[in-house]
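Colleague: Before anything else, here's the structure in question.
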Amino acid sequence: MKQSLNLVKYRWQFIFFSLLIIVPGLVFIILGGLRPSIDFTGGSSWDIYFDAKRVPNSVDVEKTLKDSDAQFINDLRGKAAKNQAETDLLALRDKQSFDAIAQPSTEGLIIVRTSLISDNTNEKKFLTDALEKRFKTSNGFDQTNLGLTSTSSTVSNEVTTRSIIAVVLASVGILCYLAYAFRKVKRPWRYGLCAIFAMIHDVLVVLGLFAILGFFFKEEIDALFVTALLTVIGFSVHDTIVVFDRIRENQLRNPGEPFESLVNHSLVQTIVRSLNTSLTVIFTLSALYLFGGTTIRNFVLALLIGVVSGTYSSIFNASMLLVIWEKGEWGRILGRRASGGNKVAQPPQPVTVR
Amino acid sequence: MLSLLGIGLIVALSAWICFGGDRTESILGTKLDFRVKQGLDLQGGYQILLQARSQNVTKERMEVARNIIEKRVNGLGTNEPNITIQGDNRISVELPGVTDEDQVKKAIGSTGRLEFIDAGTESLNTDDLVQTTYCINGSLFDKKAGQCGAGVTSSAAASSAATNPNAQANAAGTPGATATAGSAATPAATPVAGAATTPGASTVATDTVKTGKLSSTGQPYQTVITGDQLDPAKIDVGFSDVGGAQKVLFGVKSDAAGTFSTFTSSNLGKQMAIVLDGRVISAARINGVISNQGEISSDRWGTPAGKAEVQSIVLQLKYGSLPVELNVINSRKIGATLGSDSVNQSITAGIVGLSIVATFMILYFRLPGVLAVVALLVYSIITFAVFKWFGVVLTLAGIAGFILSIGMAVDANVLIFARMKEEMRLGRPIERAVEEGFHNAWPSIRDSNISTLITCLILFWFGDFTGTSTIKGFALTLAIGVLCSMFSAIVVTHTFLRVMFLVMGGQTRLTSGGWWFGMNRTRRTTEEVGQA
């Protein structure tokens, strides 16, 4: 009875569904929905905690920071003997004036993104003191709970390049490993490339959804986000391997079976198991998302989206692409998408042994 | 059975490591540290990435700078500071628990304080923390800078100074931590030299909490000259004529040579010590009058360890202040409360996650599910023991990696059980089904875990350049988790199942009782037709 479940038949529909998510995501990426954090742009980020019942106006926080920085810079200009760091800071501020954008977060927390605060001068202390003076008694500001991250352009540029290199490295590394693992199967690179397609699918889904989140909720992507992406890449391939592994096994077992039915056969055998393995990971990630605290919530969300997408793509995209490729349907993608579904309903053709 | 015993031993060992609380143990003379090391984001603190301002710095200079920073940080009394060199020209400084900006400045400020002190007849030990008469302002950024800092001429002067409230206040910092402002850059602080000639403003360190040692007279040690009066060009490693042992050569600048010779001639046979930031780096007996050229030698310095010591002293004399000018290029301050909240939230998330997974496994796979859950607990204990044993620093992302790996650890079990179920449906006896299940699932488990390990490797490399331990922590815990999960699935679950079929009888075919293995009888007409 399960024999009647023909997943491969609906391959174009499955791929269409993926596009339904990826295309809007891409649109929002183009619209600038991805908001890189200071990890990539450089600058400073303040986590300012107030008494939850007496949270000040964001504009007020921005103004306090801006005013006191202007004051500090002004004092510095008047100073007779400046050291190197101070001269550097003045030059930086001349090039681009100090900016602060405050964004209320969870209760009692206001996240402020400002221009880079110099750690090498007294600036940081001056600004924190100003905050304390203004908000301590009235709003319950406490210096010991202040979180402040400053990233100079040296580091942010490096993080950006390393991120790209890391993603490329991960892809290439896994492609090579797959090609090795599937070396006994016909055309190992094809398996590798299909796995890479599924991986790109997952990366695009995660990026796209975060572009949408960034566009509407101003969520940022940081170095941890890249970490999540890299982990998702590993996962995606991991899931795909389970399916491909079964195809590999069935191919060795039944060399004469038509490829299309072979893949379908393998999918039916592995689908429950693939869902189960992902489910356990999704359970733990959901627990982390719900109870794990705000600091890593976006990181966990990216992982969660990636794992769900990875499961989907390994079942419904990677193997489908294998079939499409095997049947030489690439050429038809553009012209005859609509009739594609009917074509594949034909009885499977025997695979010519090459 | 033997492997069951082995597992029992490993679990017992792990449980002993895990549940004994935070402690250190010594076994067979080796000291083992079983304390959970919390990362900065879990306990709050500072994290700073420093980069040398100049492009061409030598490895040697960076190493010296790192050592000096480490010494200063240790003076701050923070728990488990971590100072490492990154790449060619960077130093990463992690100061857990520190939330005070000033303390950080003291640790990473650009210069240190090097002094030659009069130790009288005492022989001081290396690393002794001492109070000296020379005191400079605490920080470049301290507004009260420049008030203190001059030598004391005699014990009498020192005691009279002790009554001066102003001087006492200035010296209140620990000598080990006050060393930042460049002595060379602070002309007000220079009139130190003349031990017997320059009666200057006197200073007595009176801080009662973190004080260094006082001399035998109950006064701070008399500073003879400071590091900026040494001639860096003349500081070198020398070779003594006898036995080829190494010695330290140093030169004194001409303006201080007079002072130095006066001091050494009147103190022949007595002790002199070199102090960096209040800590003794070397102590020696004065054997001759030194004006502008001196040497330090020791019987101990003929050995390889001695050579290293000579090298180290030479470097510290040369670069008493930081040998490179460092810039902060990345900094992170994490509030203390946030950290402790995070720990509790992570623990909740871990327990909830583990419970859901356990419930799922038992409901879906029934008997093997129960075994898998036991295996999972074993896995958790072993993994946590590994963290403790190797001192893995736990960060928030690291804990996430650990919890994530719980989900992945079951993963392998799911693969094996699914394969096993297939075999049983084909009517194989339990024993065969178990062995076949493992055999067939192994390639998938191996391949998928290797792909995760590749990712971890890349993540580790990536994390190295972001200047934070967060990403590395995640990669490390995930990798350890994956390795332990392979062990748990392949060895632990396997053994449990073997024990199970020993009890049930391995040749049993499941004509009935399939429920225990999560098999639904209506599903028995399976897709495996044609495979047998």
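Colleague: Considering just Cα atoms, how many Å³ per residue does the convex hull of the range A:195-319 enclose? Walk me through the intermediate numbers first.
Modeller: Working: hull volume 11.5 nm³, N = 125.
In the range A:195-319, the Cα hull volume divided by residue count equals 92 Å³.
Colleague: Taking N as the number of residues in the range B:264-332, what value does Rg over Cα atoms divided by 2.2 N^0.38 Å take? Please list the in-between numbers first.
Modeller: Details: Rg = 15.8 Å, N = 69, 2.2 N^0.38 = 11.0 Å.
Relative to the rule-of-thumb radius for its length, the range B:264-332 sits at 1.44.
Colleague: Starting from the exponent 0.38 and prefactor 2.2 Å, build the expected Rg for the range A:106-179 from its residue count and divide its actual Cα Rg by it.
Modeller: Working it through for the range A:106-179, the quotient is 1.76.
Colleague: Which whole number gives the average count of other chain Cβ atoms within 10 Å of the Cβ atoms across peptide A:235-247?
Modeller: On the way: counts 6, 1, 7, 10, 3, 3, 9, 9, 1, 2, 9, 2, 0.
What the average comes to for A:235-247 is 5.
Colleague: Using alpha-carbon positions, what is the distance between the centroids of the range A:107-159 and the range A:247-276, in Å?
Modeller: Result: 57 Å between the Cα centres.
Colleague: I've got another one for you. Enumerate the amide H contacts of A:F50 below 5 Å, restricted to partners 5 or more residues apart or on another chain; note that Pro and chain-start residues carry no placed amide H.
Modeller: Result for A:F50 returns A:L109, A:I110.
Colleague: Same structure again: Okay, which of the range B:370-407 sit inside 20 Å, backbone N to the point 7 Å along the Cα-Cβ direction of B:V491?
Modeller: In the range B:370-407, the label zone of B:V491 (backbone N under 20 Å from the point 7 Å along Cα→Cβ) covers B:371-392, B:405-407.
Colleague: Right, something else. Is there a pair in A:K9/A:K184; B:K213/B:K307; A:K95/A:K125 whose C-alpha atoms are over 25 Å apart, and which pairs would that be? List each step's numbers first, then the result.
Modeller: Values: A:K9/A:K184 27 Å; B:K213/B:K307 28 Å; A:K95/A:K125 23 Å.
Over 25 Å apart, Cα to Cα: A:K9/A:K184; B:K213/B:K307.
Colleague: Whole-Hz Karplus ³J(HN,Hα) for the range A:268-282, in order, using 6.51 cos²θ - 1.76 cosθ + 1.60 and θ = phi - 60°, x for Gly and Pro?
Modeller: So the J values, rounded to whole Hz, are 4, 5, 9, 4, 5, 5, 4, 4, 4, 4, 5, 4, 4, 5, 4.
Colleague: Something else now. Per-residue mean of other chain beta-carbon atoms within 10 angstrom of the beta-carbon, peptide A:111-123?
Modeller: Working: counts 0, 0, 0, 0, 0, 1, 1, 3, 13, 12, 3, 6, 0.
The mean count of partner-chain Cβ atoms within 10 Å per residue comes to 3.
Colleague: Can you list residues whose amide H is under 5 Å from B:K253's amide H, if they're 5+ apart or on another chain and H is modeled 1.01 Å from N?
Modeller: Under 5 Å from the amide H of B:K253: B:L230, B:D231.
Colleague: Let me see the P(r) profile for the range A:1-150: every Cα-Cα distance counted, bins of 5 Å, each bin given as a percent of all pairs.
Modeller: Computed distribution, short to long bins: 2, 8, 14, 16, 12, 10, 8, 6, 5, 4, 4, 4, 3, 2, 1, 1, 0, 0.
Colleague: Project the alpha carbons of the range B:303-342 onto their principal axes and report the range along each, largest first, in whole Å.
Modeller: Taking the Cα atoms of the range B:303-342, the three principal extents are 52, 26, 12 Å.
Colleague: What are the ³J(HN,Hα) values, in whole Hz, obtained from phi via the Karplus relation 6.51 cos²θ - 1.76 cosθ + 1.60 with θ = phi - 60°, for each residue of the range A:196-206 in sequence order, with x given for Gly and Pro?
Modeller: So the J values, rounded to whole Hz, are 5, 4, 4, 5, 4, 3, 5, 4, 5, 4, 5.
Colleague: Next up: Through the Karplus equation 6.51 cos²θ - 1.76 cosθ + 1.60, θ set to phi - 60°, convert the phi angles of the range A:293-299 into ³J(HN,Hα) values in whole Hz; use x for Gly and Pro.
Modeller: Each residue's phi maps through the Karplus curve to give x, 6, 4, 10, 4, 5, 4 Hz.
Colleague: When N counts the residues of the range B:269-380, how does its alpha-carbon radius of gyration compare numerically with 2.2 N^0.38 Å, as a ratio?
Modeller: On the way: Rg = 30.2 Å, N = 112, 2.2 N^0.38 = 13.2 Å.
My calculation over the Cα atoms of the range B:269-380 gives 2.29.
Colleague: Rounded, prolate or oblate, given the Cα gyration tensor of chain A, with a/c below 1.5 counting as rounded? Spell out each step's value before the answer.
Modeller: Values: a/c = 3.19, a/b = 2.63, b/c = 1.21.
Prolate.
Colleague: Search the structure for amide H atoms under 5 Å from the amide H of B:K270, placed 1.01 Å from N in the peptide plane, and list their residues when 5 or more places away or on another chain.
Modeller: B:I286
Colleague: On to the next question. With the radius of gyration and the Kirkwood radius both derived from the Cα set of the range B:369-486, what is their ratio Rg to Rh?
Modeller: Values: Rg = 16.5 Å, Rh = 15.3 Å.
Ratio value, two decimals: 1.08.
Values in this text are rule-based calculations from the coordinates and carry no lab data. Here the structure is a predicted model, which means the values were calculated and not measured. Virtual Cβ from ideal backbone geometry, glycine too; neighbours counted across all protein chains shown.
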